[in-house]
Each structure stands twice: as C-alpha cells, then as structure tokens.
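Following: one structure in structure tokens, then a few remarks.
Every read-out reported here was derived from the displayed coordinates using simple, explicitly stated rules and does not represent laboratory data. Here the structure is a predicted model, which is why all the values come from computation and not from measurement. Here Cβ is always computed from backbone atoms with ideal geometry, including for glycine, and neighbour counts include all displayed protein chains.
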Amino acid sequence: MKNADPIWDHVDRHRDDFIALSDRVFDTPETLYAEYKSVAEHVQMLRAQGFKITENAAGIPTAVIGEAGDEGPVIAILGEFDALPYLSQAPGVAEHQPLEEGGNGHGCGHNLLGAAALLAATAVKDWLAENGIKGRVRYYGCPAEEGGAAKTYMVREGLFDDVDAAISWHPATFTGVNEARSLANTRIDFTFHGKAAHAAGAPELGRSALDAVELMNIGVNYLREHMPDSARVHYAYLDAGGVAPNVVQAKATVRQLVRASSLPDLADLVTRVRKIADGAALMTGTQVTSQVFSGVSNLLGNRPLEETMQHELEKLGPVAFDESDLSFAREIQTTLTTADINTTFKRIGAKPKKDLALCDFIAPLDRHSDGGEGSTDVGDVSWAVPTVQARVATCAIGTPFHTWQTVAQGKAPAAHKGMIYAAKAMAATACRLVEDPSRIDAARATHQDHLGETPYTCPIPADVRPPV
Ligand SMILES: [Zn+2]
C-alpha cells in the first residue's frame, strides 16, 4: 500500500538504520549523565545525516543538538536515551532473566524514544530539503531524564529560546496524544550533622544524625495526611551513618523526592518538608544542611498542538501489529496481574477489553484518565515553548514501566513498529506546523495565556549545576 503522506516515505526510507540505532542503544544501557556510548551513537547518526552538531549542550557531556534547514520556524524534536539501574534483562523472553546481575536496562524504552525522535528529525530534514521549504528542525538529544532533569538545565541555559514548538513521544501500552498531566518534583538531600560517641560508654555525649533522619521521615509521614491528594513525598537513605551500631552516627543523609501538581504547590510543600528537617535537627541537637539535586515542572498542555497531532495519529491509524507480535505480548501478559492490565485501561479512561494484548485503537483527545501521574523533565520544555507528545504502543497492554517486562520487549518487532510509527506521527505533526504558520501562532497564543496565569520559575536553584 502506498503511504498516504509523503513524510511517511521519508521515515520508511531510513527505517532499518534507526531500528539498528535503537537496538545498539538498548545493548549499552547507561544511566544518569553517564550515557557516553549512547550519545556517541546519536552523534554518529546526526553526522551521517548531515546535521549541524552542537555537542556538550548546556555544558552536559552527554547532551547533543543537531540542526538542519534554513530560516523559517524552528521545530524541536526531543529524544532521550538513558536507562535505569538494576533492570538488566534479556530481550525477547517472557521471563525474568538478567543479562548482568545488578546491571542497567532500558526499563522505560528510551532506546526507542531517542531513535524515533532522531528519525523524525531526519525525515523532516529530508522533506524540507526536497520541497525547498523554509524551516529548521532541531534534534535535542537529552540525557538523564530518569532523575537527572537534564532538560530543565537545557531550558535554563536558553537552548529553547528560539524554538517555535517542541514535539516528543514516549513508548507506551496504548496510542494517543499524551495528556498534559505530570507532577512537578524536586529531589533534595538533607544531611544531618551530629556528634560521634561510644554508643554504650558515653551515649550522653553523642548527637545522632541517624536519629534525625528517622525523625524527619516520621514527620514527613504525618505530613502525608495533610497534603493534596496528587502530591507525593518519597525518600531514600543516601547515607545511614555507617555500619557500626556501637558508634553514635555523626552524619547521615536522606534524599526527599517531593512531587506536586503545580510549581506553586510544590514550593509550598517543599517549605513544609524543610521545616520538618529543621524540627528533626532541633529534637536531636544536630544541624541540618540541604542540597537540591534536581527539579522538574509539571507538563503544560497545548490544545492547538494536541489537535494537530491527534489528526495525524488518526490518519496513521493504530500501529499495525501482526500475529507474532500478539503472541509474544500474550506471553508477557501471563507474567502480569489482572490489576496491571486493568490499570492500563483505567489510566486512559477506557473500559478493560478482555483478550486485547496490544493496543488496536487511538485514544481520543478528550478522555477521562485516572491516576498514574509521574514526572518528566519535558515539563520544563513545555513551560519554555509550546510542546506536544505522543504515546505510542510498543508493548503488551498492562506492561508496567520500569520493570523487566518493559526491557524484555525493548527490541521486539512490536517495539520497532511502534518506534517507526512514532517517528511518522512526530514528523507529520512537524510538517503540518511548518506548512501552516497559523497553527504555530495559535500554539504560541495558548502558551502565552498559560504563562500569563502562572509565570514560570525554574525549579532548580541558580547555583545548582548538572551533576556531571
Ligand atoms: Zn521514560
């Protein structure tokens, strides 16, 4: 069948090379600002495709930008390529089988995310050149989405200042325009400084930093009942003060991850968490210092862009999975619970369909979703410029992300089909915007309205640098 849109041909032409790129990134899973091999793969592809390349973007060694085209509007296409720790998993098998004990794995499908985004940028570049259309397409290779907030730093450096619209996607269990629902968050490390002492011989001389961390967590526990429903506070011990219980721990650090549905709500909650830290220090006779590790904003929607993308998804129709894709998806589903599967439907406001292993529909734009909000540093891009994202089915319905099941499906033919589809959806959306500047004007007007209501403040303090 002939492609209905010429931009789809531009995507299909490069199909094999970019699937291979995604698979190579899958095979070298790297995390949190250490994505050296993965970014090198993306740089090599940008070079092969003739993009003008800026390495070390925002002073981050694993961030890269590639640009093509002349004059006209600037369309940003955002890619990611970072993996997650402890999720090593053999691809193509429906059982938990780590390749390397304790190793990294692509548990959020960012191998697909980055390769499809770069493929979309490549297709738009080819389309602009072939048709002599004025416009620029820019690929943003963004590291450390998982916990590192690289895009927030890239926004802060002004790297999006001349961008007219930003487009991205995320692998998912269903296909549709991504709803602008995500939580602003910040990670703050609280370090308590006490005084060491012999825990039996002279405990009265000691001041325990570990006690302070424990009391801070108890305080936060009591806070949880009195915060907005959508807010979250999670914690991790970064330093419990050592392994010797017979020494009063002189230093201990806890990381608090605070999430809220908006930046003002986040600021309010952070103030309360800080007061709890001060209280814990007061109770234990210790001192507390704090360091912001990262921060991201909630996502801002943009209806004109969402309508444009929805139209392109409907033109494409659902991802065309085949019988062997379905059979592997069914195998994966045997490792999931009914709750896992039903949650997928609930999240997109749909009734659970029995025996549906892979998404065969496009979720409507106005759906009534329920729960499942995380955070993403795309949020900060969405405050800088009008932004839209797709969700595209790449794995079995019910697959929980950040699990071995996601990794197991990351190189499967279904994932490759979803990735190519995502590239077409993003590239087509970009073309419609370049062809019709009134859409960009409408997107910009919507964006300005949002900023008029709530101005943007970067959630990362000015003196905090990317941890590179
Ligand atoms: Zn992700």
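Measuring against 31 Å, Cα to Cα, the residue pairs K37/K353; K351/K411; K151/K424; K351/K417 contain K37/K353 as the ones spanning a longer distance.
Here the chain carries DSSP beta bridges of which approximately 70% are antiparallel, counting only pairs with both residues inside. On C-alpha positions alone, give me the angle between the axis of helix 437-453 and the longest principal axis of the chain, in degrees, nearest 10. For helix 437-453, the angle is close to 20 degrees.
Placing dummy labels 7 Å off each Cα toward the beta-carbon, the span from D27 to I218 is 5.4 nm.
Seen from all directions on average, the stretch 376-441 presents a Cα convex hull projection of 5.6 nm². With respect to the chain, whose longest principal axis is taken over its alpha-carbon atoms, helix 209-224 is tilted by about 60°. Modelled this way, with points 7 Å down the Cα-to-C-beta line, the labels at S369 and D229 are 1.7 nm from one another. When the convex hull of its Cα atoms is viewed from all sides, the chain shows a mean projected area of 22.7 nm².
Using DSSP to define loop residues, name the GluC sites (Glu not before Pro) in the stretch 48-147 whose beta-carbon has at most 15 other beta-carbon atoms within 10 Å.
Numbers: sites: E55, E67, E71, E80, E95, E100, E101, E130, E145, E146; in loops: E71, E95, E100, E101, E145, E146.
Loop-located and lightly packed - E71, E95, E100, E101.
Packing around the peptides 149-158, 181-190, 116-125, taken as the average count of other Cβ atoms within 10 Å per residue, puts them in this order, highest first: 116-125, 149-158, 181-190.
When you count, for each residue, the other Cβ atoms within 10 Å and take the mean per peptide, how do 411-420, 166-175 rank with the highest first?
Values: 411-420: 22.9, 166-175: 25.8.
So the peptides 411-420, 166-175, ranked by packing, come out 166-175, 411-420.
Legend: ranking of residues H198, H14 from fewest to most surrounding C-beta atoms inside 10 Å; resulting order H198, H14.
With an 8 Å Cα cut-off and a minimum separation of 6 or more residues, compute the relative contact order for the chain in percent. Provide the component values of the computation, followed by the final result.
Working: 1051 pairs, mean separation 105.9, N = 468.
Once divided by the residue count of the chain, the mean separation gives 23 percent.
Annotation for the stretch 408-468 versus the stretch 95-152: alpha-carbon center distance of 12 Å. In sequence order, the stretch 101-107 has phi-based couplings of 4, x, x, 7, x, 7, x Hz under the Karplus curve 6.51 cos²θ - 1.76 cosθ + 1.60, θ = phi - 60°, and Gly or Pro positions carry x.
Here the 3J(HN,Hα) profile of the stretch 108-122, calculated from phi with Karplus coefficients 6.51, -1.76 and 1.60 at θ = phi - 60°, is 10, x, 6, 4, 6, 4, x, 5, 5, 5, 5, 5, 4, 4, 5 Hz, Gly and Pro shown as x. Here the stretch 19-82 is described by how far its Cα atoms reach on the three principal axes: 37, 27, 16 Å, from widest to narrowest. Normalised by the number of residues in the stretch 97-187, the mean separation of alpha-carbon contacts (under 8 Å, six or more apart) gives a relative contact order of 31 percent. In plain terms, the chain from D17 to S290 could stretch by 93.7 nm, reckoned as 0.36 nm per residue minus the Cα-Cα distance. In plain terms, the residue of M426, M309 with the fewest other Cβ atoms within 10 Å comes first and the most crowded comes last, giving M309, M426.
The calculated FRET efficiency for the pair A202 and V243, based on their C-beta separation and a Förster distance of 22 Å, comes to about 0.65. For the stretch 155-198, backbone nitrogen atoms closer than 18 Å to the point 7 Å from S262 Cα along Cα-to-C-beta are found at 180-186.
Could you work out the relative contact order of the stretch 173-275, using alpha carbon pairs under 8 angstrom and six or more residues apart, expressed as a whole percent? Walk me through the numbers before you get to the answer.
Numbers: 174 pairs, mean separation 37.9, N = 103.
Taking the mean separation of contacting Cα pairs over the length of the stretch 173-275, I get 37 percent.
Ordered by the count of other Cβ atoms within 10 Å of each Cβ, fewest first, T344, T446 give T446, T344. For the stretch 267-277, putting each phi into the Karplus relation 6.51 cos²θ - 1.76 cosθ + 1.60 with θ = phi - 60° gives couplings of 4, 5, 5, 4, 4, 5, 5, 4, 5, 5, 4 Hz, in residue order, rounded to whole numbers and with x for Gly and Pro. Note on A236 and K353: with the Förster distance fixed at 41 Å, the Cβ-Cβ geometry gives a FRET efficiency of about 0.65.
Once the Cα atoms are used to define both axes, helix 323-333 deviates from the longest principal axis of the chain by about 10 degrees. With each label modelled as a point 7 angstrom along the Cα→C-beta vector, the R272-D436 pair spans 4.5 nm.
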